[in-house]
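The values are calculated or read from the model by the stated rules, or taken from the named source; none is laboratory data. Just so it is clear, the model here is predicted, and its values are computed rather than measured. For neighbour counting, all protein chains shown are included, and Cβ atoms are generated from backbone atoms with ideal geometry for every residue, glycine included.
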Amino acid sequence: MTGWASRNSVLPSGFAAYARIFHPGVRYWWEGPVNRPGSTRTSQQSIRWSEVAALTGSKAHPWMQWGGIAGVQMEEADLGDGTSVEAPEDGRMPEDVLEALLPLLSTATATPDDVTAAVWTGWGALRSVSFFTLSDSGRSTSGTRSGAELGVSAEVTRALDEGPLLQLPGREYLLLAGALTDLACPDWTSEAGLGEGSGGGIAAPQLLWPADSAWCLATEIDFGFTLLGGPVSLVEQVLATPGLEAMPLDHDGALHWGGDTVNPKARDRT
């Protein structure tokens, strides 16, 4: 398969094995009717896609889409038992997922200290962020903080303005060089000159690969999951890691919202 949202439009072809790593959603418990005026959330916890499928009577499979298993793609889904589930945010790998992946990636390459990270140039905080605050007295404050005020370095700003940038269909990426251990630091965005929490709290770059090209990791900005291509041994380790929810992708296929041909289409996407 070719074209946008195919596996090989996000990752290079030719790896021995591929996996889809699902970012967890959030399940909320409510006091009162779910998502109704006057009701409040009382607690929350992360939830796996396979757990959502079990709760809704849908089928978990490698090409499932959140809307297929939850019933809705963009909205909070009422499970009918006083709880609701919300999809993971697109394009942002959770920190605990990255933390679980880093040691596996490190042992699967001969060059863990020489990796390239590609960060999407469209993250607003790389340029500026608008803010609005409302005090207890009802007074409002609004304004804009520039990239420089957010800690984005002059070097990064110059690269964004002048390049060179990695150009892929529909996407531009800023390239950074470093080591895998750099990403283990919670402040890696600041250390890389991307600002304090620049990218809105992203925990990982959109693309990551070592100098020996042993594997490639991709968190496409429109997906609530991460894709990995690499040796069979690495993919098997990822599939067996308790802190990760992953399934093998043994062929190319559609990863867009309509790509789940097993479960019904999301009610808000028909």
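Of the residues making up the stretch 1-32, just one is assigned to a loop (DSSP other than H, G, I, E, B) and among the β-branched types (Val, Ile, Thr), namely Thr2. Contact map, the stretch 1-23: first residue under 17 Å from Pro231 (Cβ atoms) and modelled with pLDDT of 95 or more, second residue of a type in the set (D, E, K, R) and part of a helix (DSSP H, G or I), Cβ cut-off under 8 Å, separation 6 or more or different chains; pairs are Ala17/Glu236; Tyr18/Arg7. Evaluated against (1) buried (at least 23 other Cβ atoms within 10 Å of the Cβ); (2) out of contact with any helix residue (DSSP H, G or I) (no Cβ under 9 Å at 6 or more places or on another chain), Leu228 falls short on exactly one condition, (2).
When you scan the stretch 46-56, do you find a residue that is at negative phi and part of a strand (DSSP E or B), even just one?
In the first step, residues of the stretch 46-56 are kept if they are at negative phi; the result is 46-56.
Next, from what is left, pick out any that are part of a strand (DSSP E or B): 46-47.
Yes, because at least one residue in the stretch 46-56 is at negative phi and part of a strand (DSSP E or B).
Of the candidates Ala177, Ala240, the single residue that is of a type outside the set (S, T, N, Q) and touching a residue at least 12 places away in the same chain (Cβ under 8 Å) is Ala177. Among the residues of the stretch 24-37, none is identified as of a type in the set (A, V, I, L, M, F, W, C) and without any contact (Cβ under 8 Å) to a residue 24 or more places away in the chain. Among the residues examined, Ser233 does not qualify as at positive phi and modelled with pLDDT of 90 or more.
Does any residue of the stretch 91-112 turn out to be basic (Lys, Arg) and modelled with pLDDT of 95 or more?
Of the stretch 91-112, the ones basic (Lys, Arg) are 92.
This time we only want the ones that are modelled with pLDDT of 95 or more, so: none.
No - not one qualifying residue is present in the stretch 91-112.
Condition check for Asn35 on (1) modelled with pLDDT of 95 or more; (2) outside any strand (DSSP E or B); (3) touching a strand residue (DSSP E or B) at 6+ places or on another chain (Cβ under 7 Å): one failure, at (1). If you check Glu172, Glu86 for being under 21 Å from the mean Cα position of the chain (by Cα), acidic (Asp, Glu) and within 23 Å of Ala211 (Cα to Cα), only one passes: Glu172.
Reported count of residues in the stretch 141-174, each being within 30 Å of Thr107 (Cα to Cα), assigned to a strand (DSSP E or B) and either among the polar types (S, T, N, Q) or touching a helix residue (DSSP H, G or I) at 6+ places or on another chain (Cβ under 8 Å) (or both), is 2.
Which one is farthest from Thr42 (Cα to Cα), of the residues in the stretch 76-124 that are touching a Leu at 6+ places or on another chain (Cβ under 7 Å), in a loop (DSSP other than H, G, I, E, B) and aliphatic (A, V, I, L, M)? Ranking the candidates gives Ala108 first.
Determine which member of the set Thr181, Thr157 is more than 22 Å from the chain's Cα centre (by Cα), β-branched (Val, Ile, Thr) and at pLDDT 90 or above.
Numbers: Thr181 fails: more than 22 Å from the chain's Cα centre (by Cα).
The match here is Thr157.
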